[in-house]
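Presented below is the structure to which this report refers.
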Amino acid sequence: MGSRNDLELLVDRYLRHLSLERGLAKNTLGAYNRDLGEYLVFLRQQGIDSIDQITELTVEAFVEQAALTKKASSVARLLAGVRGWHKYLLIEGLIGADNAHKVQPPKAAKRLPKAISVDQVVTLLNASGPEPFDESNAQPDPILLRDRAILELLYATGARVSEITNLDIDDLLDPTMIRLFGKGSKERIVPVGRYAQRALQNYLVRTRPLLVAKGRGTPSVFLNQRGTRLSRQSVWQVISDAAEAAELGVEISPHTLRHSFATHLLEGGADVRVVQELLGHSSVATTQIYTLVTVDSLRETYALAHPRARG
């Protein structure tokens, strides 16, 4: 093996193997051809014209170069094609060692949780039902009282939707504290703010008795119109309806209020370990992703607080 065509011939041989013996679709073969073609271009740039010259460092360098201009998922796909080719050459006895199988693709960048601003949260809450401290004589729709209580509680506690739907009357420890059961039935006690307290009280007094009467009696806090436990899908619909009514112009997911709860606490100066406890995260590292959202506020705090931050 000495000519430049050796590498191309070996790639062609691999592609024929994929087509004839593994029956891959034409589009898939085309993708492999493009990816391995990119690898061959890189190898030529490195002065490599024989498979025996490729080392593990060569493959790592290819991955690093690709990562400069491509998304992590695209680089991972490129590397999968390269690994497949090297493995094939090893099985065929054309190389003595597979120098690609230990090379790892780059880690995908952490997706930041999508939080919305405090003003946007207020708009969303107001769109879900009547304001908790509204003292007017109007008789609000009982279901809207329930929906407002759900959203207020999600934002006040950072609870997951499933934790709210699993909430039982016995978990309302007092007006200021509730008990939540997270992943693996892990129990935690979290405080409830004044607005959520009032919204929950309005629902418990004015709506829940009406819904309980339609069912067979259930310990669940939040009920549907048949008097049975509200489902996660129903809560997602409540959030979706409120988001549509709020017209915020941003995507709202079932986790939006949880993410916003964490972000706003950290922006307000809360210790990340406290937020970890409130969210029910087993590792503080899981919570620290939220600190990525608040870099600007951290920088501002530093500028104001550190004696040598300014000249």
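The values are calculated or read from the model by the stated rules, or taken from the named source; none is laboratory data. These numbers were taken from a predicted model, which means no experiment stands behind them. Neighbour counts run over all protein chains shown; Cβ positions are idealised from the backbone, glycine included.
Checking the condition at pLDDT 90 or above, surrounded by 20 or more Cβ atoms within 10 Å (Cβ to Cβ) and in the same structural domain as Asp171 (by TED's automatic domain parsing), which residue from Leu266, Leu211 passes? Break it down stepwise before answering.
Details: Leu266 fails: at pLDDT 90 or above.
Selected residue: Leu211, the only one of Leu266, Leu211 that is at pLDDT 90 or above, surrounded by 20 or more Cβ atoms within 10 Å (Cβ to Cβ) and in the same structural domain as Asp171 (by TED's automatic domain parsing).
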Those residues of the stretch 30-74 which are charged (D, E, K, R) and over 20 Å from His101 (Cβ atoms), in sequence order: Arg34, Arg44, Asp49, Lys70, Lys71
Residue count, the stretch 170-198, condition of a type in the set (Gly, Ala, Ser) and within 16 Å of Gly158 (Cα to Cα), comes to 3
Go through the stretch 62-79 and report how many residues are surrounded by 21 or more Cβ atoms within 10 Å (Cβ to Cβ) and not in a helix (DSSP H, G or I). 0
In the stretch 80-96, which residue that is in a helix (DSSP H, G or I) and aliphatic (A, V, I, L, M) is farthest from Pro106 (Cα to Cα)? Ile91
For Leu43, all conditions in the list (1) closer than 21 Å to Arg77 by Cβ; (2) without any contact (Cβ under 8 Å) to a residue 24 or more places away in the chain hold save one; what is the number of the exception? (2)
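When you check Ala149 against the structure, is it in contact (Cβ under 8 Å) with a residue 12 or more places away in the chain, part of a helix (DSSP H, G or I) and surrounded by 14 or more Cβ atoms within 10 Å (Cβ to Cβ), yes or no?
On the way: in contact (Cβ under 8 Å) with a residue 12 or more places away in the chain: yes; part of a helix (DSSP H, G or I): yes; surrounded by 14 or more Cβ atoms within 10 Å (Cβ to Cβ): yes.
Considered against the rule, which asks whether it is in contact (Cβ under 8 Å) with a residue 12 or more places away in the chain, part of a helix (DSSP H, G or I) and surrounded by 14 or more Cβ atoms within 10 Å (Cβ to Cβ), Ala149 comes out as yes.
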